[in-house]
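Worksheet: the structure to be examined is printed underneath.
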Amino acid sequence: MGQPVREYLLTLCVTVAVTYLLTGPVRKFAIAAGAMPEIRARDVHREPTPRLGGIAMFGGLCAGLLVADHLHNLDGVFELSNEPRALLSGAALIWLIGVLDDKFEIDALIKLGAQMISAGVMVMQGLTILWIPVPGIGTVLLTQWQGNLLTVALVVITINAVNFVDGLDGLAAGMVCIASAAFFMYSYRIWYGYGIEAAAPATLFAAILMGMCLGFLPHNMHPARIFMGDSGSMLIGLVLAAAAISITGQVDPDALALFAGGERNATHAMFPVFIPLVLPLTIIALPMADLVLAIVRRTWNGQSPFAADRGHLHHRLLEIGHSHSRAVLIMYFWSALIAFGTVAYSVNSASMWIVLAIVALSALGLVLLLLPRFTPRAPRWAEGLVPPRYRHAARAAEAAAEAAARDASGREPESGREPEPVGALADARPRAAGVSGVNGATALGAHSRPSERRKAESAR
């Protein structure tokens, strides 16, 4: 079998194109169908936005699987394994439940039952965990019931982790895209690097998942024109879980030991998948942490674990003072650091440079995270070159006073000049830089749109 990089690239591009092209018509359909729920207290956006973006993502999934089935190096995945059909069956069921929830708001317990049924459908078709590689012990074979229960639990946990993090424009799609990219690198190395065919389905799932997220992101970045809704978040969560289960419970560690050159090298090669929960936890560690914290917080407050609130990690970033876009980028950074750091460490765990790079990037991430708390100040000689928010307090106050004086003098009507508008139109005037805004240390400049400021202030 030749190296299938080009075929994976073709599958990825087709999935991206189909998802991207379908999202526009799906948005119009969602508006016509009334899938634009009212603004809730926990929502960050302040304008009704259509959902049902998962319809386009499901179309991309079907297109990717269809194209892969007709490619020379990838059609063997469908001939030798039933996992692609199992994935499509489970994905169709969870997607249908998500579409109904986006339109009619299904009860949380019903959705939980549907998630378990979708996982059960995949288990019945062979997509299940057969064994667990445990360091120091070896391969631990699972009974049928143990494997099935562990598979269902992993699918449900991953789906809800992705669903919980879907709170900001582009956040869930971007984080899952980063996770699937790291997962693709790891699974492709297991398949093509060690010649283990059992890793081929997981590699295909990761490539298609990347395409689904990349095709949807241009429509979902801030300000989002459409949301993926539960039909999209539960779908990509199930695909990610299916890929993790495939490579964790289907790849034989003994076979990998033969290709890796011994049991010790195989242990290093299988580092991310010692336990089936480890790999999903590393590639979507932040959504998992958000899920656990949400359950603990709500249970501690006497609420249902499924009761929505504004205590998620992305809400806390907004409260600290980060803007919407900056909060999303920070979550992207940490997701990429954890996912790619784990993959890099699994490739060469003996390299000290990898550890040092991870530590340095973690320190940089902490600085970016706390940036609104510690706003940098420019030197005196450079204050004229930077925005007022980076100047010392005295100079910033003087600049604000001068701007206010210019504003007051500008209100006097001049000859041949129309009077300045009042009411809502008056709010459209450019505002002076340096005014304390919604983003904490990030002040609004003259080019900012006041409507965005009012939305963000109300979100706080």
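The values are calculated or read from the model by the stated rules, or taken from the named source; none is laboratory data. All figures in this text were calculated on a predicted structure; none of them were measured in a lab. The accessibility values were calculated without ligands, DNA or RNA, using every heavy atom of the protein model including side chains. Shrake-Rupley method; radii C 1.70, N 1.55, O 1.52, S 1.80 Å.
Annotations
- Area accessible to solvent at residue 47, 1.4 Å probe radius, in Å²: 100
- Under the Karplus curve 6.51 cos²θ - 1.76 cosθ + 1.60, θ = phi - 60°, whole-Hz ³J(HN,Hα) for the range 77-85, x wherever Gly or Pro sits: 4, 7, 7, 9, 9, 9, 5, x, 5
- Each residue of the range 114-120 was assigned a 3J(HN,Hα) from its phi angle through the Karplus expression (A = 6.51, B = -1.76, C = 1.60, θ = phi - 60°), giving 5, 5, 5, 5, 4, 5, x Hz with x at Gly and Pro.
- Rounded, prolate or oblate (a/c below 1.5 giving rounded, otherwise prolate when a/b exceeds b/c) for the range 64-130 by Cα gyration tensor: oblate
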